[in-house]
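Worksheet: one structure, shown below.
The values are calculated or read from the model by the stated rules, or taken from the named source; none is laboratory data. Just so it is clear, the structure is predicted and the values come from calculations on it, not from any experiment. Ideal geometry is used to build each Cβ from the backbone, glycine not excepted, and the neighbour counts take in all protein chains shown. These area figures cover heavy atoms from the full protein model, side chains too; ligands, DNA and RNA do not enter into them. Shrake-Rupley method; radii C 1.70, N 1.55, O 1.52, S 1.80 Å.
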Protein chains: 2
Amino acid sequence: MRVLAKDIVKAVIDGQGTGEKADAEVEVSGWVHRIRDMGGITFVILRDRSGTLQLVLDEKPVDAGGRPLTLESVITVRGKPALNDKAPGGCELKVSSLQILSRALPDLPYQVNGDISRTGLEAILDNRSLSLRNPKIRAIFKIQATIIEAFSAHLRSLDFTEIKSSKLTAGSTEGGTELFEVEYFDRKVYLAQSPQLYKETMVAAGLERVFEVAPAYRAEKHDTPRHLNEYVSMDVEMGFIESELELIELEKGLLTHIFEEVARKNGPELEMWGAAVPSAEMVGKSPTIPYEEAVKIANDEAAKTKGGSARIFDINPEAERLVCAWSLREHGSDLVFVNEFPRRYRPFYTYPKDTADGAAVSTMSFDALFRGLEITTGGRRQHDYNALVETLPRFGLKAENMTGFLSVFKYGCPPHGGFAIGCERLTQKILGLANVKEASLFPRDRKRVEP
Amino acid sequence: MRVLAKDIVKAVIDGQGTGEKADAEVEVSGWVHRIRDMGGITFVILRDRSGTLQLVLDEKPVDAGGRPLTLESVITVRGKPALNDKAPGGCELKVSSLQILSRALPDLPYQVNGDISRTGLEAILDNRSLSLRNPKIRAIFKIQATIIEAFSAHLRSLDFTEIKSSKLTAGSTEGGTELFEVEYFDRKVYLAQSPQLYKETMVAAGLERVFEVAPAYRAEKHDTPRHLNEYVSMDVEMGFIESELELIELEKGLLTHIFEEVARKNGPELEMWGAAVPSAEMVGKSPTIPYEEAVKIANDEAAKTKGGSARIFDINPEAERLVCAWSLREHGSDLVFVNEFPRRYRPFYTYPKDTADGAAVSTMSFDALFRGLEITTGGRRQHDYNALVETLPRFGLKAENMTGFLSVFKYGCPPHGGFAIGCERLTQKILGLANVKEASLFPRDRKRVEP
């Protein structure tokens, strides 16, 4: 009966936890993290999913063929736990028997138990089965798992239904320039950029409130620290809203819950990165700024820091950083919502802000910027069939090519809207990772399709 | 402030629930489910995500242009709730004001408020935004959401970490015959058939226990009631196991929790389909039968029911039905685990059952059959690098083409195994749906890529 390293440490230190007597033999299994040959005795640090434990061996450990134990081999040992102030964690295991379950080849491509900051990103991504053995790298994905769990739990508590929609679509609602093509039997389909229309279909179908956590695809050619060609999109859509402001409130509640859960469950992981999540109070103080004002703020900030004149014309990556810096200084939060984006920057289905004169220039849309990076795009959508039919030509689209899309709005669709949070970007910004690829287990970019 | 239909019914009947006084005006929003013009007054059944409510209107409802209210339009009404024994649910709302949020065109392709059993599968799938308005159809996906939630919660409680792996792979570990090809910039990649290797990488990387809920793809040409070309795979992988029997125990616990949660949360939905989930006791009684014995049972059953001689040579769809029928009769459970599949039926990485003579014919693998359908394939995997290298040629594979795969096992990989549950198949069999496509929101088959 296997016991985890952390439970042995706990049992010895606290005298509780394993369910076995502290002086009885226990069995532990894991990876050989470190070997220290002291002549007569050998110290081995064993690592399992829960932590590490010092093993003390009287004999030099070898396999059946007499070859010495290698770093990163997987072993099972039995022995008696004992207090030892000098051992990491304050206890160790005096080993009576050792079994090698899997012998690691001795040519490790890089040092697993060393300082990961010396390992380049490409080597980390090329060797996922090794790089994730480093607790600091693994911490990224422990936090990501908490993000997904908290996202889902919060929405369920608000009566949202989880959906799973198709990632294969016959076409695109947003134009076909950035789509990956799939050979689908005797025709071509495309990898979905977003579950947008499926979410809207579910709202119209009476589920009213839905969410989905699933891959999304962008065939963008640029290779930057903020782009992935395949990412995990955490999508939300809800009916019976009046404007994007209700969506911003929903996202504030959602992020607050996610941050609280990460703080509660992932204290050690945050510590490894010297990171902290924003408090509920901080999220509450996040301002919502109309697009035009945000552009002005970005220009003012740029002028201040660089002494130059205004030269920022939209919310580009530099503006995202500047607006967040401004918000942190002025509002005590570097989470900022920018709303009322101009129509020209938003897809045709975005709900216009003002229809009084029939030529709205602004929309009920928003982005969320967090620590200098856009993590969310969202907004209210046009739900009115006739308005959609009228809008299409203005965006160079033809109603006759959009019958599938339009049919969703033909037979009663409530006012609605939604947004998506980029899971990797949120992970990246919580931990302060330099590149969003670090927050993807198996990132895909123009060059990388393996592992 | 919008109130849900079920909360009004509850407030009037129980005198609690809305937070508003029962004699105050309330606001409800939803779809026009039914209209009954009684001359002087009009009864409208309003449907929202929570249920239905009878509205009473003194005037014939019309829109701003004087057109009569249409079925399936989305409306918001205000009015006072009142007891009425004759109304569905025992109460109704006397409407003082009505607003049409979205007028449904009067040419509904089929009757939403009628008996869904008259509507063919193709019409249901073609019109998802309408067909899901039928509570019985919507019930399928309420239950599916519970399945996914319960699957994830149970595994988290056992220290499994949720992962999100890439769905784009450079090649296939199982041969390339049933893969969809993707144009990926200047090269070709494939849609993943399963997260198999990624799960194994995570076990080797020290996460030890992982799960994933994500789409999986099979480019199979057959169009049967049991196949989807894109499905939701609920995947599990765990380290430090000795045989497939531990995986079967894990799946029993998992299914028990899923069934319990569906029973607890989806009573009304099960009732609509006249369905019931197996009890924990029933799951506990599920037998595990070696492959050869299962084939014999299937033949015996076939001979009994059809009077013919033995003619079943493997666990094909007919055998799945026969073995489940046998198990229900003999063991009181139509959940059956078949293990020890012959090597020729399993992928090369399946762990051999007996290596004593170096030529194992059986494997540490299993299928789960539920109510006549295979819902799971799983097993222990070969974790030994040298054994994998030796095995490859026997399956017509070359080590030099599999370096990425093999690297996962080079530097210490614990004994491990896992399985996947087909989410749509489990949903199908819980409810007794005739076709697995009914359990997919947007199914993809050889002909269908829309909506």
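Structural remarks
- Taking amide H as placed 1.01 Å from N in the peptide plane, B:Cys91 has its amide H under 5 Å from the amide H of B:Asn84, each at least 5 places away in sequence or on another chain.
- Acute angle (nearest 10 degrees) that the helix B:5-14 long axis makes with the longest principal axis of chain B, alpha-carbon atoms: 70 degrees
- Sorted from nearest, the other copies put their A:Pro109 label points 5.0 nm away, the label point being 7 Å from Cα in the direction of Cβ.
- Rolling a 1.4 Å probe over the protein heavy atoms gives chain B an accessible area of 40 Å² per residue.
- Local net charge near A:Leu245, Cβ-Cβ under 12 Å (Lys/Arg +1, Asp/Glu -1): -3
- Ellipticity estimate at 222 nm from DSSP helix runs (n ≥ 4, -39,500 (n - 2.57)) divided over chain A, nearest 500: -9000 deg cm²/dmol
- Accessible surface buried by the B/A pair amounts to about 7500 Å², both sides summed, 1.4 Å probe.
- Selection from A:Leu433, B:Thr288, A:Met272 lying farthest towards where the dipole of the protein assembly as shown points positive, charges on Cβ: A:Leu433
- Distance from region B:46-97 to region B:362-421 (C-alpha centre basis), Å: 59 Å
- Among residues of chain B, the one whose beta-carbon sits closest to the B-to-A rotation axis is listed with its distance in Å as B:Val182, 3.
- For the segment A:184-193, counting C-beta atoms of other chains within 10 Å of every residue's C-beta and taking the mean gives 4.
- Cα centroid separation, region B:291-307 to region B:162-226 (Å): 35 Å
- The 3J(HN,Hα) values that the Karplus relation (6.51, -1.76, 1.60; θ = phi - 60°) gives for region B:96-106 are, in residue order, 9, 8, 9, 10, 8, 7, 7, 7, 6, 4, x Hz. Gly and Pro appear as x.
- Among A:285-295, B:106-116, A:136-146, the peptide with the highest mean count of other Cβ atoms within 10 Å heads the list, and the full ranking is A:136-146, A:285-295, B:106-116.
- Summed side-chain charge close to B:Arg321 - residues other than B:Arg321 whose Cβ falls under 10 Å, Lys, Arg +1, Asp, Glu -1: -3
- On Cα atoms only, tilt of B:291-306 relative to the major axis of chain B in degrees: 60 degrees
- Peptide A:435-445 shows a mean partner chain C-beta count of 3 within 10 Å per residue C-beta.
- Nearest-first distances (nm) between copies at A:Pro393, label 7 Å from Cα via Cβ: 7.1
- Counting only lysines at least 8 places from B:Lys410 when in the same chain, those with an alpha carbon closer than 25 Å to its own are A:Lys60, A:Lys136, A:Lys142, A:Lys437, A:Lys447, B:Lys164, B:Lys167, B:Lys199, B:Lys353, B:Lys398.
- Solvent-accessible area, 1.4 Å probe, carbon plus sulfur percent, for region A:251-348: 54 percent
- With θ taken as phi - 60° and the Karplus curve 6.51 cos²θ - 1.76 cosθ + 1.60 applied, the whole-hertz 3J(HN,Hα) list for region B:184-191 is 10, 6, 9, 9, 10, 10, 10, 6 Hz, x standing for glycine and proline.
- Proximity of backbone amide H atoms, modeled 1.01 Å from N, is registered between A:Thr350 and A:Gln382 at under 5 Å, excluding neighbours fewer than 5 places apart on the same chain.
- The mean count of C-beta atoms from other chains within 10 Å of the C-beta of residues in B:205-213, rounded to a whole number, is 6.
- Heavy-atom surface analysis with a 1.4 Å probe gives region A:5-108 a carbon and sulfur content of 50 percent of its accessible area.
- Summed side-chain charge close to B:Phe442 - residues other than B:Phe442 whose Cβ falls under 13 Å, Lys, Arg +1, Asp, Glu -1: -1
- Dipole in debye (nearest 20) - chain B, about Cα centre, beta carbon charges: Lys, Arg +1; Asp, Glu -1: 1040 debye
- Antiparallel beta bridges, as assigned by DSSP with both residues in chain B, represent about 90 percent of the total such bridges.
- When you count the other C-beta atoms within 10 angstrom of each residue and take the mean per peptide, A:234-241, B:434-441 line up highest first as A:234-241, B:434-441.
- Sorted from shortest to longest, the distances between the B:Glu246 label points of this copy and the other copies are 5.0 nm, with each point 7 Å from Cα along the line through the beta carbon.
- Principal axis box of region A:296-354, alpha-carbon based, largest edge first, Å: 38, 26, 19
- Between 0 and 90°, nearest 10: helix A:317-331 axis offset from chain A longest Cα axis: 80 degrees
- For A:Thr161, distant residues with modelled amide H under 5 Å away: A:Arg209, A:Val210, A:Phe211
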